[in-house]
1. Tell me which residues come under 5 Å, amide H to amide H, from residue 47 once H is placed; ignore anything under 5 positions away on its chain.
2. To the nearest 10 square angstrom, how much accessible area does residue 71 have with a 1.4 angstrom probe?
3. Taking a cut-off of 25 Å between Cα atoms, list the lysines near residue 253, but don't count ones fewer than 8 places away on the same chain.
4. Could you tell me how many degrees, from 0 to 90 and to the nearest 10, lie between the Cα long axis of helix 57-80 and the main elongation axis, the longest principal axis, of the Cα atoms of the chain?
5. Report in % the part of the accessible area of the chain that belongs to carbon and sulfur, leaving out ligands and nucleic acids; probe 1.4 Å.
6. Leaving ligands, DNA and RNA out of it, rank 169, 258 by accessible area with a 1.4 Å probe, largest first.
7. For the full complex of protein chains and a 1.4 angstrom probe, list 133, 13, 40, 104 by accessible area with the highest value first.
8. Rounded, prolate or oblate for region 39-144? Axes are the square roots of the Cα gyration tensor eigenvalues, ordered a ≥ b ≥ c, and the cut-off for rounded is a/c under 1.5.
Amino acid sequence: SFKADAVGDILSSVGVGQFMQLIGKMWSRYSFFEKSGLPSELASRGFDEDFDMPNYLFREDGMNLWNAYGTFAKDFVDEIYDSDEDVASDTVVQEWAIETTDASRGAVPGFPTSFKDKDTLVRVLQTLMWIPSGLHAAVNFPQYDYYGFVPNKPMGMRASLDSLPDKDSDIRSWMFEFFFPHVSSGEEWLKMDASLETTQTTHILTLPSNTCIDNLSDNFAKTGTKAYAKFQKNLDKITDGVNDRNKESKKAKKAVYSYLNPSVVPASIDI
């Protein structure tokens, strides 16, 4: 629930109520594999691997990680189940599917209503590993790089855009006067503290996790040990590739992209 004067109404152009409507519309069209699987999500935006776009590093690093998850998920499932029949007869897995798709409980559109084979379970695990780790890292970790420079995202305006000057020479001074934080503002949320809090908050939100995907050996000491050891080797290769590329980028004075380096990708959303 939210009040009419919620902070989201102040800081967003659409307001909290309308934002919730957008989320509702998105969820009504959501499908688990289609919208949360990286290859299909990229393809839906025209950025599949056949689309020639050099240096689209989210796609490049993301697909490397996605494929590593797929191999890990298959190896893990193969360690536990010998056949499709074993999966179909596992009551715990079937109850998970029922709970996740039940309209009064999980209600996740597109999630399997039952597991009849190993391949389906592998696809689900691959997608679930990607969402709170790689996808979360790619979306969340750039926040400080963006918000840390306050002019990128001022927390409020003190004048309507209707008053924006016509002359380009006047726009700069107008923006500094009415667009950027101002310590003399009568509104507390518009003062510099708001921007400082935003900068500090995004810095905290983007701090590296203590539990990244490449240091989970203890979690697989009894089950999936071989699968995780192989996964860890694949992650090491991805890490070496990212580090080598970033070294070359630095030499060429180009931006680096480290958000999907396995050494910083969290195992879950652990803010």
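1. So residue 47 has HN proximity to no qualifying residue.
2. My reading of the accessible area for residue 71 is about 50 Å².
3. 237
4. 30
5. 55
6. Details: 169 95, 258 45 Å².
Putting 169, 258 in descending order of accessible area: 169, 258.
7. On the way: 133 0, 13 125, 40 40, 104 100 Å².
Solvent-accessible surface, decreasing: 13, 104, 40, 133.
8. On the way: a/c = 2.30, a/b = 1.71, b/c = 1.34.
Because a/c hits 1.5 or more and a/b exceeds b/c, region 39-144 counts as prolate.
The values are calculated or read from the model by the stated rules, or taken from the named source; none is laboratory data. Keep in mind that this is a model prediction, so the values were computed, not measured. So basically every Cβ, Gly included, is an ideal-geometry build from the backbone, and we count neighbours across all protein chains shown. Just the protein is used for accessible areas: all its heavy atoms, side chains included, with ligands, DNA and RNA removed. Shrake-Rupley method; radii C 1.70, N 1.55, O 1.52, S 1.80 Å.
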